[in-house]
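A.B. asks: Submitted below is the structure of interest, expressed as structure tokens.
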């Protein structure tokens with residue numbers, strides 16, 4: 001049984017959580033947030049992040065065709081916008097890093113991160 005509940009729904013579950021940390025950099029102050037995800041919610045979040053995973057050896061996206069696309073709407077970010085850096089620690093796996101752009105009008109789509117971000 002996970003000692004701490006999942007940040008999406010605050011439910012208890014068997015097994016380990018995935019810890020997720022986010023930083024959003026824009027022209028203003030940086031925003032930071034973090035949370036714990038049960039295996040079910042982590043699979044949902046990871047599915048939307050997988051294209052933006054950073055290859056640790058080269059420092060580039062695993063799928064270069066997604067570079068410059070908005071994390072939320074998958075449309076090009078030409079000017080302005082923010083940069084989003086995410087780090088996850090899946091249970092029994094190595095650290096995974098993600099990087100993407102985000103339009104100012106788009107939402108991250110991860111409720112506990114946008115609500116829990118602090119300056």
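All of the numbers you see were taken from the coordinates with simple rules; none came from a lab. No experiment lies behind these values; they were computed from the predicted model shown. Cβ atoms come from the backbone with ideal geometry, glycine included; neighbour counts cover every protein chain shown.
A.B. asks: So how tilted is helix 39-49 from the main axis of the chain? Cα-based, degrees 0 to 90, rounded to 10.
C.D. replies: Roughly 10 degrees, rounded to the nearest 10.
A.B. asks: Antiparallel versus total DSSP beta bridges in the stretch 18-116: what percent is that, nearest 5?
C.D. replies: If I count the DSSP bridges inside the stretch 18-116, around 95 percent turn out antiparallel.
A.B. asks: Additional query: How big is the Cα convex hull of the stretch 57-109 in projection, averaged over all directions, in nm²?
C.D. replies: Orientation-averaged projected area of the Cα hull: 4.3 nm².
A.B. asks: For the chain, what is the calculated [θ] at 222 nm in deg cm²/dmol (nearest 500), taking -39500 (n - 2.57) for each run of four or more DSSP H residues and dividing by its residue count?
C.D. replies: -4000 deg cm²/dmol
A.B. asks: Pick the calculated percent of Cα pairs over 22 Å apart for this structure from (i) 52; (ii) 46; (iii) 34?
C.D. replies: Recomputing percent of Cα pairs over 22 Å apart here picks out (iii).
A.B. asks: With the contact rule set at Cα under 8 Å and sequence spacing of 6 or more, what percent relative contact order holds for the stretch 1-66?
C.D. replies: Normalised by residue count, the contact order of the stretch 1-66 is 23 percent.
A.B. asks: What residues of the stretch 81-107 lie in the reach of a label at residue 56, counting those whose backbone N is under 14 Å from a point 7 Å from the Cα along Cα→Cβ?
C.D. replies: 87-98
A.B. asks: Among 97, 27, 107, which one shows the biggest mean-square fluctuation in a GNM of the chain, springs joining Cα atoms closer than 10 Å?
C.D. replies: In the Gaussian network model the winner is 27.
A.B. asks: Any chance you could check the Cα centroid distance between the stretch 10-26 and the stretch 57-98 for me, in angstrom?
C.D. replies: Answer, in whole Å: 17.
A.B. asks: Turning to a different aspect of this structure: Only Cα pairs within less than 10 Å get springs; with that Gaussian network setup on the chain, which residue of 103, 47, 13 has the largest fluctuation?
C.D. replies: 47
A.B. asks: Relative contact order (percent) for the chain, with alpha-carbon contacts under 8 angstrom and 6 or more residues of separation?
C.D. replies: Over the chain, the number comes to 28 percent.
A.B. asks: Only counting other Cβ atoms within 10 Å, I'd like 43, 101 sorted with the fewest neighbours first.
C.D. replies: 43, 101
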